[in-house]
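Here the structure comes first, spelled out in structure tokens, and everything after it is commentary.
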Amino acid sequence: MVDAATRHLKAAVEDQRAQYDLAHAAAAVAMCEEALAYAVRGETEAMLAQVFVGGVLSDLGATLFRSAGRWGVSADALDATQQLVEHLTDPAFTSQAAEVAGPAHLRDDLKLVAETFRRFGEEQIRPHAEEIHRQDLDIPQHIIDGVAGLGCFGLSIPEAYGGFAQGTADDYLAMIIATEELSRASLGAGGSLITRPEILARALEAGGTEAQKQQWLPRISTGEVLCAVAVTEPDYGSDVANLTTTAVRDGDGWRITGTKTWCTFGGRANVLMVLARTDPDPTAGHRGLSIFIVDKPSDDGHAFRHDAHGGSMEGRAIPTLGYRGMHSFEVSFDSWFVEAENLLGGDAGENRGFYLQMAGFENGRIQTAARAVGVMDRARELALGYAENRHVFGKPLLDYPLTRDKLGRMAALVAISRQYSYRVARLMADGEGALEAAMAKAFVCKAAEWVTRESLQIHGGMGYAEEYEISRLFVDARVLSIFEGADETLCLKLIARRLLA
């Protein structure tokens, strides 16, 4: 069905809704293929895979109901699966997975990575997560120091530059595993600490000069350099081709003028990765952008201002529903001076910023999928614990078929999302997987919204109370489909475009 729709849309007039639906359908089918590979590993895995496939087929049927004509496929394209779907989505079947945690199937050394970061999250992050969220506090320094001490910032930085990466798939897997486990404890105070240094490190590895790699990568690896990414602008989010922040040559450096927004961790960071326009030709689009590594003092709190070399840099934290701790800043530059040596790639990097940025952002997408897995696995765990202990009308919530059905579907979503993230990590280690990383983000982040929503629902009124952890997970999950590439842009500009090409 998806293949037929793809062939049809190649020749059709652009239809954004049809392409958006196709992107999500293709991502779901890719996830189902991973579910089949997981299913052969044991009875529990097979059950979770079947629950997952049943849910996907059911959702695709609903999509087909509205999209068949625009996709150029028959409205009965999935009729042959109806009996199977009825069986796989029957609460009598899905409820068998209600109390199951799908095996991850990691080697012993990678299991140790998972155990280490889970223990750190439970002991050092979770005890502070609620206060950070409710009071909108900075991440305590001991958490940053602890993550640095575990080598988290150097997981994907080559050993030659002070990191721990050896150029194998295990580098990516370790990063994915650490991200998931830290996100279980807190998305804002744990799981996202790796992402920003990861993006800058990837850009440096892809296009930095040898001197820049020697200067920055070892310091990123130890946590001495804390990074933020300044790409988005108030009027331009994913539409980077039209960014207006400029960098103009001035003697032995550049002066940056413009405003960036959603610069997460922009206060505490002492380095900003800034994407600015270096080609004044308005027709240059994304080909006229460059990346600058911008030094700044590390600032606590919700606002900062610095004046130096005849220019200024000013920032304010944007109040948000969730994802607190790192704070997302609006940062304004007024003739802020940057040394010429801080142009990423040197003279050869001028006007290549868009391409170097994408090298980092592809990795950020699979990290975001891993963050989503961590958030929804913790939400599933909380829902199960609450359902076991909460009695309604004389018996535990867990004894009700509807509760068990929801928990079973949660378990399947977590297990298969995790396995697909592992698959993408292996692909990216081989220099592939850009499309699959986008698919993972598109599917898994929306799944995390459903899982946290249903977990909160199982908690009932208590779920709506801030004193219960699930309320934080619910609002945190909502950002996952927005940052690192908004869902609509990701589906239309990357997934659908590549499928149709």
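The values are calculated or read from the model by the stated rules, or taken from the named source; none is laboratory data. Treat the numbers as computed from the prediction; the structure is a model and nothing was measured. Cβ coordinates were reconstructed from backbone atoms using ideal geometry, including for glycine residues, and neighbour counts include every protein chain displayed.
Considering (1) part of a helix (DSSP H, G or I); (2) within 23 Å of residue 32 (Cα to Cα), the lone condition that residue 432 does not fulfil carries the number (1). All of 326, 376 fail the test of being in contact with a Gly (Cβ under 7 Å, 6 or more places away or on another chain) and in contact (Cβ under 8 Å) with a residue 60 or more places away in the chain, apart from 326. Beta carbons closer than 6 Å, at least 6 apart along the sequence or on distinct chains, pair a first residue in region 329-343 that is at positive phi with a second that is in a strand (DSSP E or B) for 335/255; 335/257; 335/311. Take the conditions touching a residue at least 40 places away in the same chain (Cβ under 8 Å) and closer than 20 Å to residue 420 by Cβ and apply them to residue 200. Does it pass? Taking the combined requirement at face value, the residue does not satisfy it.
Counting only residues that are among the aliphatic types (A, V, I, L, M) and closer than 13 Å to residue 316 by Cα, region 251-271 holds 0 of them.
Within the option set 33, 122, being of a type in the set (D, E, K, R), surrounded by fewer than 17 Cβ atoms within 10 Å (Cβ to Cβ) and closer than 27 Å to residue 3 by Cα holds for one residue only, 33. Only one of the numbered conditions (1) of a type outside the set (Phe, Trp, Tyr); (2) in contact with a Gly (Cβ under 9 Å, 6 or more places away or on another chain); (3) under 18 Å from residue 231 (Cβ atoms) is not met by residue 318, and that is (2).
Residue by residue, here is whether (1) within 26 Å of residue 399 (Cα to Cα); (2) in contact (Cβ under 8 Å) with a residue 24 or more places away in the chain; (3) under 16 Å from the mean Cα position of the chain (by Cα) holds:
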residue	(1), (2), (3)
448	yes, yes, yes
454	yes, yes, no
461	yes, no, no
472	no, yes, no
475	no, yes, yes
481	no, yes, yes
492	no, yes, no
501	no, no, no
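The single residue among 73, 40, 85, 51 that is of a type in the set (A, V, I, L, M, F, W, C), within 21 Å of residue 419 (Cβ to Cβ) and touching a helix residue (DSSP H, G or I) at 6+ places or on another chain (Cβ under 6 Å) turns out to be 51.
Could you grab me the full set of residues in region 482-501 that are buried (at least 22 other Cβ atoms within 10 Å of the Cβ) and not hydrophobic (A, V, I, L, M, F, W, C)? Passing the criteria: 484, 485.
Apart from one condition, residue 107 fits all of (1) in contact with a strand residue (DSSP E or B) (Cβ under 8 Å, 6 or more places away or on another chain); (2) surrounded by fewer than 17 Cβ atoms within 10 Å (Cβ to Cβ); the exception is (1).
Annotation: of all residues in region 446-472 being aromatic (Phe, Trp, Tyr) and assigned to a helix (DSSP H, G or I), the one that is nearest to residue 485 (Cα to Cα) is 450. Restricting attention to region 67-91, report how many residues are farther than 22 Å from residue 404 by Cβ and either in contact with a Ser or Thr (Cβ under 9 Å, 6 or more places away or on another chain) or in contact (Cβ under 8 Å) with a residue 24 or more places away in the chain (or both). Residues flagged as farther than 22 Å from residue 404 by Cβ and either in contact with a Ser or Thr (Cβ under 9 Å, 6 or more places away or on another chain) or in contact (Cβ under 8 Å) with a residue 24 or more places away in the chain (or both) within region 67-91 amount to 9. Exactly one residue out of 311, 285, 301 is closer than 15 Å to residue 254 by Cα and surrounded by fewer than 23 Cβ atoms within 10 Å (Cβ to Cβ), and it is 311. Apart from one condition, residue 176 fits all of (1) assigned to a helix (DSSP H, G or I); (2) β-branched (Val, Ile, Thr); (3) in contact with a Gly (Cβ under 8 Å, 6 or more places away or on another chain); the exception is (3). Within region 121-160, how many residues are part of a loop (DSSP other than H, G, I, E, B), more than 15 Å from residue 179 (Cα to Cα) and under 20 Å from the mean Cα position of the chain (by Cα)? Of the residues in that region, 2 qualify. Screening region 391-422 for residues that are without any contact (Cβ under 8 Å) to a residue 12 or more places away in the chain and of a type outside the set (Phe, Trp, Tyr) and picking the one that is farthest from residue 447 (Cα to Cα) gives 394.
Evaluating residue 118 against the criteria (1) at pLDDT 95 or above; (2) on the phi < 0 side of the Ramachandran plot; (3) not in a helix (DSSP H, G or I) leaves one unmet condition, (3). When residue 316 is tested against (1) among the basic types (Lys, Arg); (2) at pLDDT 95 or above; (3) buried (at least 19 other Cβ atoms within 10 Å of the Cβ), just one condition goes unmet, and that condition is (3).
Let me confirm something: among 209, 168, which residue is more than 19 Å from the chain's Cα centre (by Cα), touching a residue at least 60 places away in the same chain (Cβ under 8 Å), surrounded by fewer than 21 Cβ atoms within 10 Å (Cβ to Cβ) and within 20 Å of residue 421 (Cβ to Cβ)? Of 209, 168, the one residue that is more than 19 Å from the chain's Cα centre (by Cα), touching a residue at least 60 places away in the same chain (Cβ under 8 Å), surrounded by fewer than 21 Cβ atoms within 10 Å (Cβ to Cβ) and within 20 Å of residue 421 (Cβ to Cβ) is 168. Here the condition is being assigned to a helix (DSSP H, G or I) and of a type outside the set (Val, Ile, Thr); of 202, 249, 268, it holds for 202 alone. When restricted to residues that are buried (at least 21 other Cβ atoms within 10 Å of the Cβ) and of a type in the set (S, T, N, Q), region 387-407 contains 1. Checked against (1) touching a Leu at 6+ places or on another chain (Cβ under 9 Å); (2) modelled with pLDDT under 90; (3) surrounded by fewer than 24 Cβ atoms within 10 Å (Cβ to Cβ), residue 191 passes all but a single condition, namely (3).
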